Amino acid sequence: MSADEAALKACDQRTNLSVAASYQAENGFVTTVGPTESEKATYAFLPRTPTESTDAHLVEFAEAMRTVAKALRQVAEGKASAQAEAAEWKRKYELEKAVNTHKHHSVIKGCSNCVKDKLEHLASKLTLETASADQTGCCGNHGICSRQILQDQCPEPNRKLDDTIVGKKAPFRLSWGCNEDKNGQHKHDFVSFEKGDITTAERSNKQILLKWESRPQTVLFVTKPNSNAVHALCSEMVRWLKEHHNMNIFVEPRVSNELLTEDSYFNFIQTWDNDQEMKTLHTKIDLIVTLGGDGTVLWAASLFRGPVPPVVAFSLGSLGFMTPFSSEKYRECLDNVLKRPFTITLRSRLQCHVIRDAAKDEIETEEPIIVLNEVTIDRGMSSYLTYLECYCDSSFVTCVQGDGLIISTTSGSTAYSLAAGGSMVHPQVPGILFTPICPHSLSFRPLILPEYVTLRVQVPLNSRGQAWASFDGKGRIQLGPGDALICSVSPWPVPTACLMDSTTDFLRSIHEGLHWNLRKSQALDGPA
């Protein structure tokens with residue numbers, strides 16, 4: 001270092017010391033010339049901006065996400081590799097199977113003169129599109145479409161081996177169930193398969209016929225209460241069945257007391273004393289006779305939570321959607337039902353469970369609540385709109401804001417659901433009706449869902465008010481925030497006897513009961 005440079009450096013140091021000394025004098029304190037600990041921390045912090053201190057955490061998080069993505073990519077690549085390997089082995093197996101088939105069978109349709117070397121050459125040219133089939137078809141694990149590739153036909157003698165070979169249509173199997181249900185409860189044999197085409201089998205286009213294997217022995221009478229005409233007809237029908245058909249007669253406890261009070265002749269009638277005996281009625285009763293309207297049929301169905309005997313409903317009420325028989329011709333009607341085959345309508349029912357928010361894994365009632373018409377969830381006396389969350393299986397449906405919601409069977413489509421704007425549905429159509437009551441939305445229209453789904457209606461925790469659930473118009477239960485109602489189709493339908501057949505009786509009931517599409521005819525006068 002030269003003398004000039006050393007002098008310049010010493011001058012700079014003296015200048016810095018003087019600046020520091022003047023700064024200390026102005027602020028009223030004296031310290032050493034070197035920087036303090038706080039100044040060191042300040043100098044260390046200044047180069048690091050807040051963004052840079054935060055970026056360290058983001059970088060660490062990004063590194064972790066890259067590690068996870070790498071692991072997932074490795075898993076996906078391994079799965080794709082395994083699928084490709086399986087498809088290749090399947091292709092080799094089918095190819096070898098085709099070759100062996102050609103080798104062991106000397107006579108082949110369409111090419112009886114093909115020689116062995118041509119067959120092997122042809123087999124080497126065959127390619128089965130297993131990859132595309134796996135993408136568009138079913139995996140076969142659920143028993144829905146188990147595909148089987150047929151061997152291709154040998155080309156004609158004048159056809160080149162390099163031409164594209166068109167094989168036979170690949171057949172598959174169809175089996176039906178609900179969520180892989182192994183017990184067969186929900187299985188229906190209504191689909192047929194022939195020559196690669198799917199057609200609906202005889203399910204809805206055939207009327208259901210009931211034929212007694214042996215003569216019926218026991219009949220149950222269910223009557224409309226507080227009606228003198230119904231009571232007189234019941235007494236007459238009980239006498240006639242006992243004297244002309246020697247049948248065992250069951251009646252409700254109320255009717256039993258009335259008949260025994262009227263005449264000691266009715267000592268032969270039977271009844272039940274408690275709920276336990278009522279649960280075993282289906283093992284004793286062959287036939288149910290109802291005297292009243294549709295409400296009497298609903299009451300008769302509620303007596304049976306399991307299997308329901310056939311119901312012969314006589315019309316003695318105001319509306320008769322389920323009561324096709326006339327009481328004036330009861331002898332002829334009962335003779336036909338007891339001695340000959342007769343048509344029936346299988347009316348599905350809903351089974352319902354209430355689940356409280358306090359015990360989400362426990363149901364309120366051990367046995368389900370069974371309804372034949374509908375379940376109604378309304379706002380009751382509350383001034384607030386009903387607020388309900390609705391789910392179909394595991395899928396969210398919608399939030400209901402209005403006066404309430406109706407979940408109805410197809411038999412109940414002509415009841416409350418019809419008054420709320422729902423469609424009229426044939427009672428043998430398998431489905432569940434989803435109908436809002438006065439919704440606060442112009443676009444909320446009714447739905448018809450398949451019969452195998454399970455519906456869950458829940459009152460949200462932030463709901464302003466409560467809701468009330470009623471079952472076939474009775475048995476109201478209060479639902480608070482967090483409570484839920486589970487509805488599904490019961491495995492035990494109600495078989496009702498038909499006067500003619502299901503469709504004729506249904507159309508007659510809507511014509512006579514609702515005067516459906518009744519209007520004055522258009523005048524015939526017009527241009528000549």
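Is the range 432-447 home to any residue that is under 18 Å from residue 352 (Cα atoms), out of contact with any Asp or Glu (no Cβ under 7 Å at 6 or more places or on another chain) and either among the polar types (S, T, N, Q) or open to solvent by 10 Å² or more (accessible area, probe 1.4 Å) (or both)?
Within the range 432-447, one or more residues are under 18 Å from residue 352 (Cα atoms), out of contact with any Asp or Glu (no Cβ under 7 Å at 6 or more places or on another chain) and either among the polar types (S, T, N, Q) or open to solvent by 10 Å² or more (accessible area, probe 1.4 Å) (or both).
Please state which one of 475, 421, 465 is over 24 Å from residue 346 (Cα atoms), surrounded by fewer than 22 Cβ atoms within 10 Å (Cβ to Cβ) and within 24 Å of the chain's Cα centre (by Cα).
Numbers: 475 fails: within 24 Å of the chain's Cα centre (by Cα); 465 fails: within 24 Å of the chain's Cα centre (by Cα).
The unique qualifying residue is 421.
Condition first: crowded, with 18+ Cβ neighbours inside 10 Å, in contact (Cβ under 8 Å) with a residue 60 or more places away in the chain and not aliphatic (A, V, I, L, M). Now tell me which residues in the range 217-243 satisfy that.
221, 223, 224
Just one of (1) crowded, with 23+ Cβ neighbours inside 10 Å; (2) touching a residue at least 60 places away in the same chain (Cβ under 8 Å) trips up residue 460, so point out which.
So residue 460 meets the others, but not (1).
Which ones in the range 452-508 are at positive phi and not in a strand (DSSP E or B)? Reasoning before the result, please.
Kept after step one, since they are at positive phi, are these residues of the range 452-508: 472-473, 475, 482.
If the condition is that a residue be at positive phi and not in a strand (DSSP E or B), then 472, 473, 482 are the ones that fit.
Name the residue, out of 386, 409, 345, 365, that is hydroxyl-bearing (Ser, Thr, Tyr) and modelled with pLDDT of 95 or more. Break it down into steps so the answer makes sense when it comes.
Working: 386 fails: modelled with pLDDT of 95 or more; 345 fails: modelled with pLDDT of 95 or more; 365 fails: modelled with pLDDT of 95 or more.
Among 386, 409, 345, 365, only 409 is hydroxyl-bearing (Ser, Thr, Tyr) and modelled with pLDDT of 95 or more.
Touching a Gly at 6+ places or on another chain (Cβ under 8 Å), touching a residue at least 60 places away in the same chain (Cβ under 8 Å) and either open to solvent by less than 40 Å² (accessible area, probe 1.4 Å) or of a type outside the set (D, E, K, R) (or both): is that true of residue 407 in this structure? Steps first, please.
Values: touching a Gly at 6+ places or on another chain (Cβ under 8 Å): no; touching a residue at least 60 places away in the same chain (Cβ under 8 Å): yes; either open to solvent by less than 40 Å² (accessible area, probe 1.4 Å) or of a type outside the set (D, E, K, R) (or both): yes.
No; evaluated as a whole, the condition is false for this residue.
In the range 369-383, how many residues are modelled with pLDDT under 90 and not polar (S, T, N, Q)?
Taking the range 369-383 as the starting set, the residues that turn out to be modelled with pLDDT under 90 are 380-383.
Keeping just the survivors that are not polar (S, T, N, Q) gives 380-381.
Result for the range 369-383: 2.
Out of the residues in the range 392-404 that are surrounded by fewer than 23 Cβ atoms within 10 Å (Cβ to Cβ) and among the small types (Gly, Ala, Ser), which is nearest to residue 440 (Cα to Cα)? Quick ask: steps written out before the conclusion?
The initial filter retains those residues of the range 392-404 that are surrounded by fewer than 23 Cβ atoms within 10 Å (Cβ to Cβ), namely 392-399, 401-403.
Narrowing the set further to residues that are among the small types (Gly, Ala, Ser) leaves 394-395, 402.
On the way: 394: 25, 395: 22, 402: 5 Å.
Going through the qualifying residues, I end up with 402.
Which ones in the range 235-271 are outside any helix (DSSP H, G or I) and more than 37 Å from the chain's Cα centre (by Cα)? Outline the logic, then answer.
Going residue by residue through the range 235-271, those that are outside any helix (DSSP H, G or I) are 246-252, 263, 269-271.
Correct list: 246, 247, 248, 249, 250, 251, 263, 269, 270, 271.
Hey, any hits in the range 504-522 for a residue that's open to solvent by 10 Å² or more (accessible area, probe 1.4 Å) and under 19 Å from residue 390 (Cβ atoms)?
Step one: of the range 504-522, the residues open to solvent by 10 Å² or more (accessible area, probe 1.4 Å) are 504-508, 511-522.
So of that shortlist, the ones also under 19 Å from residue 390 (Cβ atoms) come out as none.
Taking every residue of the range 504-522 in turn, none turns out to be open to solvent by 10 Å² or more (accessible area, probe 1.4 Å) and under 19 Å from residue 390 (Cβ atoms).
The values are calculated or read from the model by the stated rules, or taken from the named source; none is laboratory data. Remember, predicted model here, so these are calculated numbers, not experimental data. Every residue, glycine as well, gets a Cβ built from its backbone with ideal geometry; the counts of neighbours run over all protein chains shown. Each accessible area value is taken on the protein alone, full model and side chains, heavy atoms only, with ligands, DNA and RNA left out. Shrake-Rupley method; radii C 1.70, N 1.55, O 1.52, S 1.80 Å.
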